[in-house]
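Enquirer: First, the structure itself, so that you have it in front of you.
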Amino acid sequence: QVQVVESGGGSVQPGGSLRLSCKASGDITSIGAVGWYRQAPGNRREWLATITTRGDIVYVTSVKGRFTISRDNAENTVYLQMNSLKPEDTALYYCNAATRLGDNWGQGTQVTVSS
């Protein structure tokens with residue numbers, strides 16, 4: 001079993017930055033990849049970025065160059081650095097730890113971008 005907890009959301013003005021954290025616990029060695037997703041009201045959950053245990057990284061085109069996914073193995077934490085935030089980035093942000101047994105989602109952290 002793996003548990004993940006997201007943190008770091010908040011309210012920010014357009015052009016601002018936030019760093020989200022996804023801290024994992026439990027059977028850490030079973031995790032194959034961690035991904036960040038978001039869901040805005042009325043929209044489907046959208047995949048943003050993934051980092052694998054090998055260190056491979058992929059992004060959705062819409063956030064490439066603005067968002068950076070990284071990890072701190074010592075802290076069992078994956079980060080999502082978000083720069084140049086736009087109002088359309090407003091959403092509930094989730095992380096998911098994928099294992100061979102399935103997906104492990106957190107409760108999400110809210111990001112609101114407005115002036």
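The values are calculated or read from the model by the stated rules, or taken from the named source; none is laboratory data. If you're wondering where the values come from, they're calculated on a predicted model, not measured in any experiment. Glycine gets a Cβ as well: all are built from the backbone with ideal geometry, and neighbour counts include every protein chain shown. The protein model used for the area step is the full one, side chains on, heavy atoms only, and it has no ligands, DNA or RNA in it. Shrake-Rupley method; radii C 1.70, N 1.55, O 1.52, S 1.80 Å.
Enquirer: Local charge sum around residue 21 (other residues, Cβ-Cβ under 11 Å, Lys/Arg +1, Asp/Glu -1)?
Expert: In short, 0.
Enquirer: Between 25, 62, 11, where does the largest GNM mean-square fluctuation fall for the chain, given springs only between Cα atoms within less than 10 Å?
Expert: Maximum fluctuation in the GNM of the chain, among the listed residues, is at 62.
Enquirer: What FRET efficiency, computed as 1/(1 + (r/R0)^6) with R0 = 22 Å and r the Cβ-Cβ distance, is obtained for residue 58 and residue 86, rounded to the nearest 0.05?
Expert: 0.55
Enquirer: Now, a different point. Under 5 Å between amide hydrogens, which residues at least 5 positions from residue 2 or on another chain qualify, with H placed 1.01 Å from N in the peptide plane?
Expert: 27
Enquirer: Continuing with the same structure: So between residue 103 and residue 13, what do we pick up on full extension, going 0.36 nm a residue minus the alpha carbon distance?
Expert: Gain on extension, residue 103 to residue 13, equals 29.1 nm.
Enquirer: Name the most mobile residue of 81, 13, 39, meaning the one with the largest mean-square fluctuation, in a Gaussian network model of the chain with Cα contacts below 10 Å.
Expert: Of the options given, 13 has the highest mean-square fluctuation.
Enquirer: Now a separate question. Please identify, among 42, 55, 102, the residue showing maximal mean-square fluctuation in a Gaussian network model of the chain using a 10 angstrom Cα cutoff.
Expert: Of the options given, 42 has the highest mean-square fluctuation.
Enquirer: Which whole-Hz ³J(HN,Hα) couplings does region 69-77 yield from phi under the Karplus relation 6.51 cos²θ - 1.76 cosθ + 1.60, θ = phi - 60°, glycine and proline marked x?
Expert: 3J(HN,Hα) across region 69-77, in whole Hz: 9, 8, 9, 10, 5, 5, 9, 6, 10.
Enquirer: Could you pull out every residue, at least 5 positions away or on a different chain, whose amide H is within less than 5 Å of the one on residue 99? Hs are placed 1.01 Å off N in the peptide plane, and Pro or chain starts have none.
Expert: Sorted by chain and number, the residues that satisfy this are 32, 104.
Enquirer: Given an 8 Å cut-off on Cα distances and at least 6 residues of separation, report the relative contact order of the chain as a percent.
Expert: Relative contact order comes out at 38 percent.
Enquirer: Once amide H atoms are placed 1.01 Å from N in the peptide plane, what residues at a sequence separation of 5 or more from residue 58, or on another chain, have their amide H within under 5 Å of its amide H?
Expert: Those qualifying (amide H under 5 Å, at least 5 residues apart or on another chain) are 50.
Enquirer: Out of every Cα pair in the chain, what percent are spaced more than 25 Å from each other?
Expert: Tail fraction, whole percent: 16.
Enquirer: Let me ask you something else. Counting heavy atoms of the protein chains only and a 1.4 Å probe, report the per residue accessible area for the chain as a whole number of Å².
Expert: So the chain comes to 55 Å² accessible per residue, rounded to a whole number.
Enquirer: Hey, any idea what % of the chain's accessible area is carbon plus sulfur with a 1.4 Å probe?
Expert: The value for the chain is 48 percent carbon and sulfur by accessible area.
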